[in-house]
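A quick write-up on the structure given underneath.
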Amino acid sequence: MPSSERCSAPVLSVHKAARYGTGWSGLRLALIFYVLTQGLAHATVRAEVVTEPSAHDKASVPVAEGTYRSEAEWQALEARLQAAKDAAAQLEATLSARDAEIAALTSDRDELASSLRTLQSAFSKQKRLIEEGVVSDARDREAAAAAQERLEAEKAAVERALEQANADIAKKRSIITAKEAAHAQAAEEAAQRLGEREAEGERLRADLEQSGRNIGRLETRLQTLEETHTGALAAIDRLQDKLDVNRRALADAEAQLSETRQALVDIQSRLPENLGGRVTADQAREAAAGRMAALRGLYDQRASMTEEAWQASVRDLERQIQDQQQLLGQALSATTLYRVQPSDTLGKVSARFYGRSNRWSEIFEANRHLLQDPDRVLPGMTLIIP
């Protein structure tokens, strides 16, 4: 095989490799360009997807300090904090994957540079052989010239591919740098939001603890108030019982007072005016006369009544006459009353009180409202002794 073919055999045109897919080097170059054109784009898309803020983060609004949360809101805040931590961890993983992809692209670029150096070495060797006159005949010179042209074309193609790869890498690096800046800013904002949420969580925990303490104090105070209320109700019940007793006592006292007043009225009705009563001497004299007339009539009816009934009626009328005579005596300031005994006469009564019987007329005049005949004095009647 001619030396020019031996030099060009290991190296294939990039265009041929891409077009026909023959040879290990062509497949390698095609794979490198695929990674350059597809791999970084995929990594960029992944980075953009990861760093895209979620709808939950967009809807997150810090809560003003001092606002109290319910248990459900507290659990939702914990879930949001955990989601932010997970997003930060995923961002770190994405950055690590991107660094690995950059390292792979750099390795591929180094392989391209090595291939370029191999081509340059083969080209230099071919050129040196031509210059040293190793190719003797015209055919070999034409083959060498053709090989040299192919090598130069392949070198130019590799240089262009390398230049394009470097440009793509630079462009991707620029994009990645911009993405890194955006990611760093997003991570910083996420960390700031996370810090704010953690601070808010601490405030909420403090508020919950304070609320718990307040609830405990309120429960203690409520228990004290309930005990006080229970004691007050018991005291009210005791007072109500006392009030009921006092009311019953008052009712009894009022009834007794009413009875006393009625008794006082009765007493006043039986007392003369000079003793604070309402009975005048004429009223007492008239009442006694009425009772005496009833007693005389009772004596006339003795035969028509049983002895027991007659005796009871007589005693009752005698008592009533005595009461009226006593009132009359008090009204007249007479201090002596006498109850007539059987076989008594006015003379005997006069002799008993005055020492002589001839003063019987004085007794008769003092009791004229009772006596119609000085010789007829009924036993049991009460006489005023003037």
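The values are calculated or read from the model by the stated rules, or taken from the named source; none is laboratory data. In this text the structure is predicted, and so the values were computed from the model without any measurement. Heads up, the Cβs are rebuilt from the backbone with ideal geometry, glycines too, and the neighbour counts pull from every protein chain shown.
Checked against the criteria, THR306 counts as over 22 Å from ARG339 (Cβ atoms), free of Cβ contacts under 8 Å to residues at least 40 places away in the same chain and not charged (D, E, K, R). Of everything in the stretch 352-386 that is in contact (Cβ under 8 Å) with a residue 40 or more places away in the chain and of a type in the set (A, V, I, L, M, F, W, C), the residue that is farthest from ARG319 (Cα to Cα) is ILE385.
Going residue by residue through the stretch 336-343, is there one that turns out to be surrounded by 12 or more Cβ atoms within 10 Å (Cβ to Cβ), out of contact with any Pro (no Cβ under 9 Å at 6 or more places or on another chain) and among the β-branched types (Val, Ile, Thr)? Checking the stretch 336-343: not a single residue is surrounded by 12 or more Cβ atoms within 10 Å (Cβ to Cβ), out of contact with any Pro (no Cβ under 9 Å at 6 or more places or on another chain) and among the β-branched types (Val, Ile, Thr). Among the residues that make up the stretch 190-198, is at least one of them closer than 30 Å to GLU71 by Cα, acidic (Asp, Glu), part of a helix (DSSP H, G or I) and touching a helix residue (DSSP H, G or I) at 6+ places or on another chain (Cβ under 7 Å)? Yes, the stretch 190-198 contains at least one residue that is closer than 30 Å to GLU71 by Cα, acidic (Asp, Glu), part of a helix (DSSP H, G or I) and touching a helix residue (DSSP H, G or I) at 6+ places or on another chain (Cβ under 7 Å). Could you list, in sequence order, the residues of the stretch 73-96 that are exposed (fewer than 14 other Cβ atoms within 10 Å of the Cβ) and farther than 30 Å from GLU202 by Cα? Hit for the stretch 73-96 is SER96, nothing else. Against the definition (among the small types (Gly, Ala, Ser) and either farther than 30 Å from ALA93 by Cβ or not assigned by TED's automatic domain parsing to the domain that holds ARG80 (or both)), how does GLY195 come out, yes or no? Answer is no for this residue.
Any chance the stretch 251-274 includes a residue that's assigned to a helix (DSSP H, G or I), of a type in the set (A, V, I, L, M), surrounded by fewer than 14 Cβ atoms within 10 Å (Cβ to Cβ) and at pLDDT 90 or above? There is at least one residue in the stretch 251-274 that is assigned to a helix (DSSP H, G or I), of a type in the set (A, V, I, L, M), surrounded by fewer than 14 Cβ atoms within 10 Å (Cβ to Cβ) and at pLDDT 90 or above.
Would you point out the residue of the stretch 201-228, among those that are surrounded by 11 or more Cβ atoms within 10 Å (Cβ to Cβ) and of a type in the set (Gly, Ala, Ser), that is farthest from ALA79 (Cα to Cα)? It comes out as SER211. Here the condition is being touching a strand residue (DSSP E or B) at 6+ places or on another chain (Cβ under 6 Å) and under 27 Å from ARG278 (Cβ atoms); of LEU327, LEU317, it holds for LEU327 alone. When restricted to residues that are among the small types (Gly, Ala, Ser) and in a loop (DSSP other than H, G, I, E, B), the stretch 343-386 contains 3.
Per the listing THR306, THR280, THR335, the residue uniquely under 16 Å from HIS369 (Cβ atoms), β-branched (Val, Ile, Thr) and either in contact with a helix residue (DSSP H, G or I) (Cβ under 8 Å, 6 or more places away or on another chain) or at pLDDT 90 or above (or both) is THR280.
Among the residues of the stretch 313-330, are any within 18 Å of ASP282 (Cβ to Cβ), in contact with a helix residue (DSSP H, G or I) (Cβ under 8 Å, 6 or more places away or on another chain) and among the charged types (D, E, K, R)? The answer is yes, given that some residue of the stretch 313-330 is within 18 Å of ASP282 (Cβ to Cβ), in contact with a helix residue (DSSP H, G or I) (Cβ under 8 Å, 6 or more places away or on another chain) and among the charged types (D, E, K, R).
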